[in-house]
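Asker: My questions all concern the structure below.
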Amino acid sequence: MRADIILSGVGGQGILSIAAVIGEAALKEGLYMKQAEVHGMSQRGGDVQSNLRLSDQPIASDLIPKGHADLIISLEPMESLRYLPYLKEDGWLVTNSQPFVNIPNYPDMEKLPHKVILDVEAIAKEVATARAANIVMLGAAAPFIGIEYNKIEDGIRRIFGRKGEEVVEMNLKALKAGY
């Protein structure tokens, strides 16, 4: 098993929480994991990006080379386009349909071959709260990560457990809705 995942978005969207949940799930699965993060000007809506590499064999580098990512998970459509050169030809893009509007004229994403595009904020509001949009996105990406769904649920329990059972349950509902 090997999965090279790029997570992208803007500050405050929960990209690093998604990385933490996947990391917990990978460790529970007995996988090796390496991660690298870029935080940018996150407090001003700047780029936040993480390289997450998972494998059943030791991993030499935490950075994903261009053309090698199996999956891009993005909470911001424009940020997903920034990392397309890293995506394998048969890789998948799972992204939010709603942009964080900070520039005019967003490009057309309909021409991409393997994609899942959904309005994670609307889904999150319907099942939990808008703050859970990142976990809805994680649920939509779950089939492409290569880790059992119940391990991702366990990752949510471990990452959010200190915030109380209500927060855990809200995030589990969001995960299921995205899935």
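Asker: Is the range 147-167 home to any residue that is under 26 Å from Pro85 (Cβ atoms) and buried (at least 18 other Cβ atoms within 10 Å of the Cβ)? Walk me through how you get there before you give the answer.
Answerer: Let us first name the residues in the range 147-167 that are under 26 Å from Pro85 (Cβ atoms), namely 147.
If we keep only those that are buried (at least 18 other Cβ atoms within 10 Å of the Cβ) too, we end up with 147.
For the range 147-167, residues under 26 Å from Pro85 (Cβ atoms) and buried (at least 18 other Cβ atoms within 10 Å of the Cβ): present.
Asker: Can you tell me which of Lys34, Lys28 is under 22 Å from Ala132 (Cβ atoms), in contact with an Asp or Glu (Cβ under 7 Å, 6 or more places away or on another chain) and of a type in the set (Lys, Arg)?
Answerer: Working: Lys34 fails: under 22 Å from Ala132 (Cβ atoms).
Only one candidate passes the filter, namely Lys28.
Asker: In this structure, does Ile117 turn out to be within 14 Å of the chain's Cα centre (by Cα), modelled with pLDDT of 95 or more and either on the phi > 0 side of the Ramachandran plot or in a strand (DSSP E or B) (or both)? Step through it out loud before you land on a result.
Answerer: Working: within 14 Å of the chain's Cα centre (by Cα): yes; modelled with pLDDT of 95 or more: no; either on the phi > 0 side of the Ramachandran plot or in a strand (DSSP E or B) (or both): yes.
Against the criterion (within 14 Å of the chain's Cα centre (by Cα), modelled with pLDDT of 95 or more and either on the phi > 0 side of the Ramachandran plot or in a strand (DSSP E or B) (or both)), Ile117 does not qualify.
Asker: Considering only residues that are open to solvent by 20 Å² or more (accessible area, probe 1.4 Å) and touching a Leu at 6+ places or on another chain (Cβ under 9 Å), which ones fall in the range 67-80?
Answerer: Residues satisfying the conditions are Gly67, His68, Asp70.
Asker: Is it the case that the range 53-68 has a residue that's at pLDDT below 90, touching a strand residue (DSSP E or B) at 6+ places or on another chain (Cβ under 8 Å) and of a type in the set (S, T, N, Q)?
Answerer: Our first condition is that a residue be at pLDDT below 90; within the range 53-68, this holds for none.
No, the range 53-68 has no match at all.
Asker: Show the residue pairs that are 6+ apart or on different chains and have beta-carbon atoms under 8 Å apart, the first residue being within the range 151-179 and charged (D, E, K, R), the second being open to solvent by less than 10 Å² (accessible area, probe 1.4 Å).
Answerer: Matching pairs, first to second residue: Lys151/Ala25; Lys151/Ala26; Glu153/Leu175; Asp154/Ala25; Arg157/Val168; Lys173/Ala132; Lys176/Gly139.
Asker: Please go through the range 1-35 and pick out each residue that is more than 22 Å from Asn96 (Cα to Cα), open to solvent by 10 Å² or more (accessible area, probe 1.4 Å), hydrophobic (A, V, I, L, M, F, W, C) and modelled with pLDDT of 90 or more. Walk me through it before giving the result.
Answerer: Keep residues of the range 1-35 that are more than 22 Å from Asn96 (Cα to Cα), which gives 1-2, 24-35.
Restricting the remaining residues to those that are open to solvent by 10 Å² or more (accessible area, probe 1.4 Å) gives 1-2, 24, 27-35.
Checking which are hydrophobic (A, V, I, L, M, F, W, C) leaves us with 1, 27, 31, 33.
Leu27, Leu31, Met33, listed by residue number.
The values are calculated or read from the model by the stated rules, or taken from the named source; none is laboratory data. Keep in mind that what you see is a predicted model, and the values were worked out from it rather than measured. Reconstructed Cβ throughout: ideal geometry from the backbone, glycine too, with neighbour counts over all protein chains shown. Just the protein is used for accessible areas: all its heavy atoms, side chains included, with ligands, DNA and RNA removed. Shrake-Rupley method; radii C 1.70, N 1.55, O 1.52, S 1.80 Å.
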